[in-house]
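Engineer: Structure below; questions to follow.
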Protein chains: 2
Amino acid sequence: MSPVTKPSRAEDAHDRLRDEIRANRMPPGFQATEPEIALRLGMSRTPVREALIRLEAEGLVELIPRHGARVLPIRADDMREIYDILTALEPEAAAQVAARGPSEADLAPLEAATRDMEAALAKSDLDMWAEADDRFHLTLLELQGNRRLTGIVTALYDQAHRARVFTMRLRAPPHQSTQDHRAIVDHLRAGNVDATRTVFRQHRQRAATELLDILETYKLGHL
Amino acid sequence: MSPVTKPSRAEDAHDRLRDEIRANRMPPGFQATEPEIALRLGMSRTPVREALIRLEAEGLVELIPRHGARVLPIRADDMREIYDILTALEPEAAAQVAARGPSEADLAPLEAATRDMEAALAKSDLDMWAEADDRFHLTLLELQGNRRLTGIVTALYDQAHRARVFTMRLRAPPHQSTQDHRAIVDHLRAGNVDATRTVFRQHRQRAATELLDILETYKLGHL
DNA sequence: GCTCCCATTAATGCATACATTAACGGATAC
DNA sequence: GTATCCGTTAATGTATGCATTAATGGGAGC
């Protein structure tokens, strides 16, 4: 009935470790050996190893031969790299969606995400805001349809996630970002290809600049 | 002295399988179980498993629960996805290099790669041409400096590699591509940001169109 | 002849055993 | 007191054993 394959331990380990890292319960720089992690997760080393290999491929941990797995810190340079790539990819993807002339049904989830962002902002619920923000961006990518692109961007989001939540509370409420989303939806609906790309590009560049400013202001060389 | 860590079996398995796939000795659609591969490589299942997990993350194989690993075919749709992303990423990266004002020392490897392409074309040595082409693109990315970007593009190249070598012999000699490279080097040297981006973009789009035309002409739904 | 069921087979997922080898610490020489 | 050497410890890389479970084939029932 449900096409869900029963969860393997390796998959479970992967998901749990990923969550621990995202939630900063395993903070950047945290190191643990395979036996330690295995003990912590209540399984043997084998599935833990497989999970770690995946997490390494996803850019979340580093496997150091004799010292176990280390949760990668996110430095300002890393964020620059990530946002550089996102700035090249996402505006182009959005422009392609605009060119295709999305239906109202296509746009509905984006509308919803934007409304949620506005609502979250009104309530000063930054976690909800971040969730809706993520949802907006991923929904737009899925609308564009390029699976590989979605995968790449998702991986980059995951890498940047911790820095984003950390800096989110050190800055003014993201009114501009929320307005950007509203503008992007409008341009998508109007099929305005160039405007979509331009606004999205500015949106990304502003986000990057703000984030990097905070990292440097607070001397958060690594996170 | 040499910082090379001794090669592990898992690493060896990964490299060898990757080569087999690239060289079409393990053609698209090829399936083998873990014990079969382990036997073939003369090692136990454990390192083979680890290699397969990595290869799956790199988009080269698919792990089918009871049927082993399957070498992923490259369909026209896949190539479209890949070239879409490359078209968004590479021209932007090249433009950034142009903006930075590369030195002659920076440009030398690109010059060399371009010369090699021209020489290969004169000798009708398509393999050499393809090698120089790859080298050009990777060198340019390294010049740009974004490690993540280089990693992403490399993975996409690997995925597209088989389709490229296959179609290479079904088309006219790549004079235009070679000239494009020459033009790109010139624009980089002149620090001509917009021209670099534009030419590179056309370069990629033309390559994509040609490749997809061939795939459709020859009804190579999958490769 | 066709379909369904069951037994057999074998691949996977995981646990565990083991050899290797790097890291650490203490002891000794100076 | 310091530096060096060596023995101990422990983590990794790999092999292997084992339970589970899906796929396959043959036989029975219709």
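The values are calculated or read from the model by the stated rules, or taken from the named source; none is laboratory data. These numbers were taken from a predicted model, which means no experiment stands behind them. Because the Cβ atoms are built from the backbone with ideal geometry, glycine has one as well, and the counts that use them run over all protein chains shown. SASA here: full protein model, heavy atoms, side chains in, ligands and nucleic acids out. Shrake-Rupley method; radii C 1.70, N 1.55, O 1.52, S 1.80 Å.
Engineer: Can you tell me how much longer the chain between B:Arg169 and B:Glu104 gets when fully stretched, taken as 0.36 nm per residue apart minus their C-alpha distance, in nm with one decimal? Mind showing how you got there, number by number?
Structural biologist: Working: separation 65, 0.36 × 65 = 23.40 nm, distance 3.40 nm.
Length difference between fully extended and current span is 20.0 nm.
Engineer: Only helices at least 20 Å long along their axis, Cα-based, and averaging -1.0 or more on Kyte-Doolittle count here, so list those DSSP H runs from chain B.
Structural biologist: Span-like helices in chain B: B:76-100, B:104-122, B:126-144, B:147-168, B:193-217.
Engineer: Say R0 is 45 Å: what FRET efficiency, to the nearest 0.05, do A:Leu138 and B:Gln179 get from their beta-carbon distance? Write out the running numbers ahead of the final one.
Structural biologist: Details: r = 40 Å, r/R0 = 0.89.
Plugging the Cβ-Cβ distance into 1/(1 + (r/R0)^6) gives 0.65.
Engineer: Separate question: Once fully extended, how much extra length lies between A:Met128 and A:Arg66, figured as 0.36 nm per residue of separation less the alpha-carbon to alpha-carbon distance?
Structural biologist: Between A:Met128 and A:Arg66, full extension yields 18.3 nm more.
Engineer: Please compute, over every Cα-Cα pair in the range A:100-155, the percentage with a separation greater than 18 angstrom. Please report the intermediate quantities before stating the final value.
Structural biologist: Details: 604 of 1540 pairs.
The proportion of pairs with Cα distances above 18 Å equals 39 percent.
Engineer: Using 0.36 nm per residue, how much length does the chain from A:Gln202 to A:Leu39 gain when fully extended, once their Cα-Cα distance is taken away? List each step's numbers first, then the result.
Structural biologist: On the way: separation 163, 0.36 × 163 = 58.68 nm, distance 4.66 nm.
The A:Gln202-A:Leu39 span can extend by a further 54.0 nm.
Engineer: Averaged over all directions, how much area does the convex hull of the C-alpha atoms of the range B:9-71 cover when projected, in nm²? Walk me through the numbers on the way to the answer.
Structural biologist: Values: hull surface 14.1 nm².
Across all orientations, the range B:9-71 yields a mean hull projection of 3.5 nm².
Engineer: Just going by the charge dipole of the range B:76-217, with Lys and Arg at +1 and Asp and Glu at -1 on Cβ, which of B:Ala94, B:Ile214, B:Met79 is farthest out on the positive end?
Structural biologist: Comparing the listed Cα positions along the dipole, B:Ala94 ranks first.
Engineer: Report the Cα centroid-to-centroid distance between the range A:158-191 and the range B:149-191 in angstrom, as an integer.
Structural biologist: Comparing the Cα centres of the range A:158-191 and the range B:149-191, I get a distance of 35 Å.
Engineer: First check a/c for the range A:109-197, with a ≥ b ≥ c the square roots of the eigenvalues of its C-alpha gyration tensor; if it is under 1.5, answer rounded, and if not, answer prolate when a/b is larger than b/c or oblate otherwise. Walk me through the intermediate numbers first.
Structural biologist: Working: a/c = 2.01, a/b = 1.20, b/c = 1.68.
It comes out oblate by the Cα gyration axes.
Engineer: Keeping all protein chains in place and using 1.4 angstrom, which order do A:Ile82, A:Ile64 fall into by accessible surface area, from largest down?
Structural biologist: Working: A:Ile82 0, A:Ile64 50 Å².
So the residues, ranked largest to smallest area, are A:Ile64, A:Ile82.
Engineer: What does the charge count around B:Ala108 come to, taking other residues whose C-beta lies under 15 Å from its C-beta (Lys +1, Arg +1, Asp -1, Glu -1)? Provide the component values of the computation, followed by the final result.
Structural biologist: On the way: positive: B:Arg115, B:Arg135, B:Arg182, B:Arg189; negative: B:Glu104, B:Asp106, B:Glu111, B:Asp116, B:Glu142, B:Asp186.
Spelling it out: positives minus negatives among the neighbours equals -2.
Engineer: Could you grab the Rg to Rh ratio for chain A? Cα atoms only, Kirkwood for Rh. Each step should come with its number before you reach the end.
Structural biologist: On the way: Rg = 18.9 Å, Rh = 18.8 Å.
My calculation of the ratio gives 1.01.
Engineer: Is there a quick way to get the dipole size of chain A? I mean about its Cα centre, with the Cβ of Lys and Arg at +1 and of Asp and Glu at -1; what is the value in debye to the nearest 20?
Structural biologist: Numbers: 31 positive and 35 negative charges, 95 e Å.
Taking the Cα centre of chain A as origin, the dipole is about 460 debye.
Engineer: For A:Arg147, project a label point 7 Å along Cα to C-beta. Then give me every residue of the range B:65-89 with its amide nitrogen under 17 Å of that point.
Structural biologist: Counting backbone N atoms under 17 Å from the label point, the list is B:65, B:69-85.
Engineer: Kirkwood-based Rg over Rh for the protein assembly as shown (C-alpha set), two decimals? Each step should come with its number before you reach the end.
Structural biologist: Values: Rg = 23.0 Å, Rh = 23.9 Å.
Computed over Cα atoms, the ratio is 0.96.
Engineer: In sequence order, what are the phi-derived ³J(HN,Hα) couplings for the range A:60-74 according to the Karplus relation 6.51 cos²θ - 1.76 cosθ + 1.60 with θ = phi - 60°, rounded to whole Hz, with x for glycine and proline?
Structural biologist: So the J values, rounded to whole Hz, are 9, 10, 10, 9, 9, x, 10, 10, x, 9, 10, 5, 5, x, 10.
Engineer: Something else about it: To the nearest 10 Å², what's B:Arg16's accessible area with a 1.4 Å probe?
Structural biologist: The accessible area of B:Arg16 comes to roughly 90 Å².
Engineer: Return the FRET efficiency for the residue pair B:Asp158, A:Arg25: r is the Cβ-Cβ distance, R0 is 41 Å, and the value is rounded to the nearest 0.05. Please report the intermediate quantities before stating the final value.
Structural biologist: Numbers: r = 35 Å, r/R0 = 0.85.
Efficiency at R0 = 41 Å is approximately 0.75.
Engineer: Next question. Ordering B:Thr46, B:Thr33 from largest to smallest accessible area (1.4 angstrom probe), what's the sequence?
Structural biologist: Details: B:Thr46 85, B:Thr33 45 Å².
These residues rank, largest area first, as B:Thr46, B:Thr33.
Engineer: Tell me, what is the percent relative contact order of chain A, built from C-alpha pairs under 8 Å that lie six or more residues apart?
Structural biologist: Details: 251 pairs, mean separation 57.3, N = 223.
Computed value for chain A: 26 percent relative contact order.
Engineer: Give the distance, in whole Å, between the Cα centre of the range A:27-53 and the Cα centre of the range B:18-79.
Structural biologist: 25 Å
Engineer: Using the beta-carbon distance between A:Glu56 and A:Asp77 and R0 = 25 Å, what value does 1/(1 + (r/R0)^6) give for FRET efficiency, to the nearest 0.05? Display every interim value, and only then the final one.
Structural biologist: On the way: r = 19 Å, r/R0 = 0.76.
That gives a FRET efficiency of 0.85.
Engineer: Arrange the residues B:Thr217, B:Thr167 by how much accessible surface each exposes, largest first, with a 1.4 angstrom probe. List each step's numbers first, then the result.
Structural biologist: Working: B:Thr217 100, B:Thr167 5 Å².
Output order, biggest surface exposure first: B:Thr217, B:Thr167.
Engineer: Work out the length of the dipole vector of the range A:9-71 about its Cα centre, built from +1 on the beta-carbon of each Lys and Arg and -1 on the beta-carbon of each Asp and Glu, and round it to the nearest 20 debye. Let's see the in-between values first.
Structural biologist: Numbers: 11 positive and 11 negative charges, 32 e Å.
Rounded to the nearest 20 debye, it is 160 debye.
Engineer: Let me ask something else. Quick check for me: using +1 on Lys/Arg Cβ and -1 on Asp/Glu Cβ, what's the dipole size of the protein assembly as shown about its Cα centre, in debye to the nearest 20? The partial results should precede the final answer.
Structural biologist: Details: 62 positive and 70 negative charges, 165 e Å.
Approximately 800 debye in magnitude.
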